[in-house]
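Trainee: Take a look at the following structure, please.
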């Protein structure tokens, strides 16, 4: 450990060399390398965490760039994990970086998370959060939660020293079409940096014992009012007794076939291809796809009879996020159907126009 490198935080009397030493031997894994994951990984790497793991299986798209500030235009279409590892190595060569270019699933979660002291959830969907929570309860690991919506964010710490879990605050997982996402509702570019750094701060506190950890407390941030408030919640004892991963997120975590948006362009506009476009009406009108069946994701449940589930269904949206959620939703009703996600979506199809 290079003490001079970290001298500005070591000289804090509440922190000191002992806390820095604890960071240097700590192992942290971050689930997600997007808006939240980028600031978390960047600052923990800079501050001297010994081992940083990162789990993500997405590629850089044009719509990522306004908030995922470790990526630039030259990175579009490349694996986020590959790009981020290179930049983190350049930032701090002392850190051991472990990259998992994969989705976190029911099948791999326990294995991937077991070797770490702390798990940080930087995902953008409910199924992954419930999976992370349940895996952490089984493994006896604390995890740090962060979430975004428009101009607002949330942070908390779960399963810390036998404290409340994510299910104590949010007992039941909503359906894919019941929750907003940043593709449809947007997110202000600076907000992930604020929330991600608050998560990184909680990580430092958990690992070093410095300060008061947000266990049993949900921190709410309103960016428009520049206002913070806290909500207390209690542990529900039965939520700490999970012994195996459940089936409630099985469909959500199923790895379906996918096709790169660049490759997909060679398939359209074939009339034989069944293409489901789940973008909003405005998005579709701005960039319509020939021969696509347009059903916005919020209408999908009541209009799914318009699809032929005997044939493969390609699903596309603006960036590849909603299309995955649409597949999750449809699999709950049609578990034997074949879905192919167009990864990267319309953004990746258009990316060359920005070079």
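The values are calculated or read from the model by the stated rules, or taken from the named source; none is laboratory data. Owing to the predicted nature of the structure, the values given are computational and were not obtained by experimental measurement. With ideal geometry, Cβ positions are generated from the backbone for all residues, glycine too; neighbour counts draw on all protein chains shown.
Trainee: May I ask you to say which residue of 17, 62, 81 is more than 23 Å from residue 346 (Cα to Cα) and assigned by TED's automatic domain parsing to the domain that holds residue 209? Give the derivation first.
Mentor: Numbers: 62 fails: more than 23 Å from residue 346 (Cα to Cα); 81 fails: more than 23 Å from residue 346 (Cα to Cα).
Just a single option satisfies the conditions, and that option is 17.
Trainee: If residue 155 satisfies all but one of (1) modelled with pLDDT of 95 or more; (2) over 15 Å from the mean Cα position of the chain (by Cα), what's the number of the condition it fails?
Mentor: (2)
Trainee: Just one of the numbered conditions (1) within 30 Å of residue 163 (Cβ to Cβ); (2) surrounded by fewer than 20 Cβ atoms within 10 Å (Cβ to Cβ); (3) over 18 Å from the mean Cα position of the chain (by Cα) is not true of residue 137; which one?
Mentor: (2)
Trainee: Would you confirm, using the coordinates I've provided, whether residue 212 is at pLDDT 95 or above and exposed (fewer than 12 other Cβ atoms within 10 Å of the Cβ)?
Mentor: yes
Trainee: Select from region 115-128 the residues that are in contact with a strand residue (DSSP E or B) (Cβ under 6 Å, 6 or more places away or on another chain) and assigned to a loop (DSSP other than H, G, I, E, B) and write down the one among them that is surrounded by the most Cβ atoms within 10 Å (Cβ to Cβ).
Mentor: Residues of region 115-128 that are in contact with a strand residue (DSSP E or B) (Cβ under 6 Å, 6 or more places away or on another chain), as a first pass: 116-123.
Narrowing further to those that are assigned to a loop (DSSP other than H, G, I, E, B): 116-117, 122-123.
Numbers: 116: 20, 117: 18, 122: 29, 123: 24.
Looking at the filtered set, the residue picked out is 122.
Trainee: Residue 24 is checked against (1) out of contact with any helix residue (DSSP H, G or I) (no Cβ under 8 Å at 6 or more places or on another chain); (2) assigned by TED's automatic domain parsing to the domain that holds residue 211; (3) touching a residue at least 40 places away in the same chain (Cβ under 8 Å) and fails just one. What number does that condition carry?
Mentor: Exception for residue 24: condition (3).
Trainee: Please enumerate the residues belonging to region 160-177 that are closer than 17 Å to residue 128 by Cβ, touching a residue at least 60 places away in the same chain (Cβ under 8 Å) and either in the same structural domain as residue 301 (by TED's automatic domain parsing) or in contact with a strand residue (DSSP E or B) (Cβ under 6 Å, 6 or more places away or on another chain) (or both).
Mentor: 165
Trainee: Being in contact with a strand residue (DSSP E or B) (Cβ under 9 Å, 6 or more places away or on another chain) and either part of a strand (DSSP E or B) or crowded, with 16+ Cβ neighbours inside 10 Å (or both) is the filter here; which residues of region 224-241 pass it?
Mentor: From region 224-241, those in contact with a strand residue (DSSP E or B) (Cβ under 9 Å, 6 or more places away or on another chain) are 224, 227-233; that's our starting set.
Residues satisfying the conditions are 227, 228, 229, 230, 231, 232.
Trainee: If we keep just the residues of region 27-49 that are touching a residue at least 60 places away in the same chain (Cβ under 8 Å) and part of a helix (DSSP H, G or I), which is surrounded by the most Cβ atoms within 10 Å (Cβ to Cβ)?
Mentor: 40
Results for (1) assigned to a helix (DSSP H, G or I); (2) without any contact (Cβ under 8 Å) to a residue 24 or more places away in the chain; (3) out of contact with any strand residue (DSSP E or B) (no Cβ under 7 Å at 6 or more places or on another chain); (4) closer than 15 Å to residue 54 by Cα, shown as yes or no for each residue.
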{"residue": "104", "(1), (2), (3), (4)": "no, no, no, yes"}
{"residue": "112", "(1), (2), (3), (4)": "yes, no, no, yes"}
{"residue": "130", "(1), (2), (3), (4)": "yes, no, yes, no"}
{"residue": "133", "(1), (2), (3), (4)": "yes, no, no, no"}
{"residue": "153", "(1), (2), (3), (4)": "no, no, no, no"}
{"residue": "157", "(1), (2), (3), (4)": "no, no, no, no"}
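Trainee: Considering only region 338-349, state which residues are outside any strand (DSSP E or B) and surrounded by 18 or more Cβ atoms within 10 Å (Cβ to Cβ).
Mentor: Keep residues of region 338-349 that are outside any strand (DSSP E or B), which gives 338, 344-349.
Correct list: 344, 345, 346, 347, 348, 349.
Trainee: Which of the residues that make up region 255-285 are within 14 Å of residue 317 (Cα to Cα), surrounded by 11 or more Cβ atoms within 10 Å (Cβ to Cβ) and modelled with pLDDT of 85 or more?
Mentor: 275, 276, 277, 278, 279, 280, 283, 284
Trainee: Quick one: is residue 297 surrounded by fewer than 17 Cβ atoms within 10 Å (Cβ to Cβ), within 27 Å of residue 56 (Cβ to Cβ), at pLDDT 90 or above and out of contact with any strand residue (DSSP E or B) (no Cβ under 6 Å at 6 or more places or on another chain)? Working first, answer last.
Mentor: Working: surrounded by fewer than 17 Cβ atoms within 10 Å (Cβ to Cβ): no; within 27 Å of residue 56 (Cβ to Cβ): yes; at pLDDT 90 or above: yes; out of contact with any strand residue (DSSP E or B) (no Cβ under 6 Å at 6 or more places or on another chain): yes.
For residue 297, the condition - surrounded by fewer than 17 Cβ atoms within 10 Å (Cβ to Cβ), within 27 Å of residue 56 (Cβ to Cβ), at pLDDT 90 or above and out of contact with any strand residue (DSSP E or B) (no Cβ under 6 Å at 6 or more places or on another chain) - is not met.
Trainee: Inspect region 318-333 for any residue being surrounded by fewer than 18 Cβ atoms within 10 Å (Cβ to Cβ) and touching a helix residue (DSSP H, G or I) at 6+ places or on another chain (Cβ under 8 Å) and give the result as yes or no.
Mentor: Scanning region 318-333 turns up at least one residue that is surrounded by fewer than 18 Cβ atoms within 10 Å (Cβ to Cβ) and touching a helix residue (DSSP H, G or I) at 6+ places or on another chain (Cβ under 8 Å).
Trainee: Sticking with this one: Look through region 78-95, keep the residues that are outside any helix (DSSP H, G or I) and either within 17 Å of the chain's Cα centre (by Cα) or without any contact (Cβ under 8 Å) to a residue 24 or more places away in the chain (or both), and return whichever of them is nearest to residue 52 (Cα to Cα). Reasoning before the result, please.
Mentor: We begin by selecting, within region 78-95, every residue outside any helix (DSSP H, G or I); these are 78-79, 92-95.
From what is left, the residues that are either within 17 Å of the chain's Cα centre (by Cα) or without any contact (Cβ under 8 Å) to a residue 24 or more places away in the chain (or both) are 78-79, 93.
On the way: 78: 21, 79: 18, 93: 12 Å.
Residue satisfying both the conditions and the ranking: 93.
Trainee: Does residue 178 satisfy the condition of being more than 20 Å from residue 45 (Cα to Cα) and at pLDDT 90 or above?
Mentor: Details: more than 20 Å from residue 45 (Cα to Cα): yes; at pLDDT 90 or above: no.
It is false that residue 178 is more than 20 Å from residue 45 (Cα to Cα) and at pLDDT 90 or above.
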